[in-house]
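Since the structure comes first, as structure tokens, the remarks are kept for the end.
Laboratory data are not the source of any read-out in this text; all were calculated from the coordinates shown. Owing to the predicted nature of the structure, the values given are computational and were not obtained by experimental measurement. Positions of Cβ are generated from backbone atoms using ideal geometry, with glycine treated the same way; all protein chains shown enter the neighbour counts.
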Amino acid sequence: MTESTQLLCCHFDCGGQVRLSKVAPFVRSSLRFPFWSSHTNTNTKKFRVGSVKVQEADMNMVITSDNKIPHVLTVAGSDSGAGAGIQADLKACAARRVYCSTVITAVTAQNTVGVQGVDIVSEDFVAEQLQSVLSDMHVDVVKTGMLPSLNIVKVLCQSLRKFPIKALVVDPVMISTSGDVLAGPSVLNGFREELLPMADIVTPNIKEASVLLGDVPLKSVSDMRTAAKLIHDFGPRNVLIKGGDLPNSVDAIDVFFDGEEFYELCSLRVNTTNTHGTGCTLASCIAAELAKGSSMLSAVKTAKHFIGTALDYSRDLVIGNGAQGPFDHFLAFKNMNQSSSRQNRFNPNDLLLYAVTDSAMNRKWGRSIAEAVKAAVEGGATIVQLREKDTETRDFLEAAKECLKICRSYGVPLLINDRIDVALACDADGVHIGQSDLPASLTRTLLGPGKIIGVSCKTTEQAQQAWIDGADYIGCGGVYPTNTKANNRTIGLDGLKEVSQASKLPVVAIGGIGLSNARAVMEIGVPNLKGVAVVSALFDRECILTETRNLHALLSEAAFLIQ
Ligand SMILES: Cc1ncc(COP(=O)(O)OP(=O)(O)O)c(N)n1
Ligand SMILES: Cc1nc(C(=O)O)sc1CCOP(=O)(O)O
Ligand SMILES: [Mg+2]
């Protein structure tokens, strides 16, 4: 038996012996999750989803002091090809390191070509499976997929009323990726009237959103926003409309609506046909992150980033002969012939808005390092570097630990400037070093393959050496004159362009960059240039949060236009 079939068999037991335990009544308020409180204005927030670490965060399995593991119950159909449905849910939860139990609502004969047959499980047996799992196991989050009959929707809602859970994630599966109908119109009323009012989030794709709203066409992001609002009126607390199928869109743009604000979550469309099961996986990832205790928006961002990474890793995978293949949830495929796991823990898109702290600026404005970092990541910084030139080592270490907690909670990598000892001591995500610091090759030896290393380069030769030494990215500048670093040589946009074109590593531009010139920097149009690193334009300002937000919005737009 292969590893994957073993996994499948052991998880298909829906929960073990029936043991009825006393349960508290379903408490609706228990479904509420905290949200980012800083998002208070009414504008749409646009995120480029590229700042969430996937691989390393995975290893931090959350086990509580009483030895419980976050638990997702999926109520969905089986896909014999194992790309979608229950099988995708199991793989997604395993990859996100949470336990997943299963209630099977239908068995489909399915492969990469399409759906050849569907056998619907009776509602009585669905009810029995629900009872088995929910009466015995502590389920944190229920995620639903294919609910093929109105009666199944009804028994599910009854169970949810009887057993308390933390959150309900509804993926309103109606049509398979191959275009086959998986839930007919009779189920729609069950969704609208019973299930959606209980849901913490519903995650329709464009077609499903259209069907939920009585076949209104959705052709633009603006239509998606209107649809999100209308679906929200059915009662779910949050709506995520997945725009992957939106015509004429370079990016995959999803619209998230929490009842007050819209967020456009934007990520690069991965050029692959291995997309079967992305909807199920996304919903399962959201459920897994919620089970671990994430806020809703953060769960959605992590899930979207996970999908992007998994698709990227699996873009060349060949399984089956059909138009849409499955992908690899364990991010193993692309790495098969590579000796280290370096690619897994650094995402070059994280360089988009690189915030570099400065102790003198924090002192001037009366802020702690942690306060400054928190405001920057809340504002959308996608990576942070602590550059504390005159802070005592002990104080630096304590501040770094505090900042690491903040950054980890947002999925933002934290690097330490110069101080490899501090980075090792606090287990930071990596370091940034310059030409007069410890050599990059030695730094790699000290930090090992799992950490991020950035190297400052002003010339093409330095960029070549950084690559040879095993760095992950280069910082290139000073693009413009700066007061932040004394006697810094300015290389201008031309110098930046030359080094970026020659570099085999992703590049972040630095030096005198802010709102007024960031667009011009990005517009040099070299694909290797992934973002800008900024000190004074964020930290020598009254409101770091506002400055970071504004710069993030500008960079997201610039990156969008350039691709
Ligand atoms: C992203 C980034 N790029 C360049 C630098 C400069 O590093 P270095 O040359 O080592 O100078 P100091 O920052 O140590 O003064 C950087 N810090 N970050
Ligand atoms: C730390 C640093 N390194 C540079 C380089 O050219 O390598 S320029 C710089 C300072 C950047 O600060 P500001 O954003 O305030 O100009
Ligand atoms: Mg340095």
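If R0 is 56 Å, the Cβ-Cβ spacing of GLU260 and GLN501 corresponds to a FRET efficiency of close to 0.80.
Computed log10 I(q)/I(0) for region 443-482 at 0.14, 0.26, 0.29, 0.31 Å⁻¹: -0.33, -0.84, -0.95, -1.02, from the Debye equation with unit scatterers placed on every C-alpha and solvent omitted. If the segment from THR546 to ASP245 were pulled out straight at 0.36 nm per residue, it would be longer than the present Cα-Cα gap by 105.1 nm. Averaging the Cα positions of each part gives two centres, and for region 172-202 and region 459-476 these lie 51 Å apart. Here region 346-431 yields Rg over Rh of 0.93, to two decimals, using C-alpha coordinates and the Kirkwood radius. Of the trypsin sites (Lys or Arg not before Pro) found in region 470-563, those that fall in a DSSP loop while having at most 13 other beta-carbon atoms within 10 Å are ARG489, LYS504. How much net charge surrounds PRO70 when only the other residues with a Cβ under 10 Å from the Cβ of PRO70 are counted, with Lys and Arg +1 and Asp and Glu -1? Once positives and negatives cancel, what remains is +3. In terms of the mean number of neighbouring beta-carbon atoms within 10 Å, the peptides 393-399, 256-262 order highest first as 256-262, 393-399.
Our summary gives region 342-562 a relative contact order of 22 percent, counting only alpha carbon pairs under 8 angstrom and 6 or more residues apart.
Taking all Cα pairs closer than 8 Å and separated by 6 or more residues, the relative contact order of region 371-456 comes to 25 percent.
For region 342-562, the alpha carbon positions stretch 39, 39, 35 Å along the principal axes, listed from largest to smallest.
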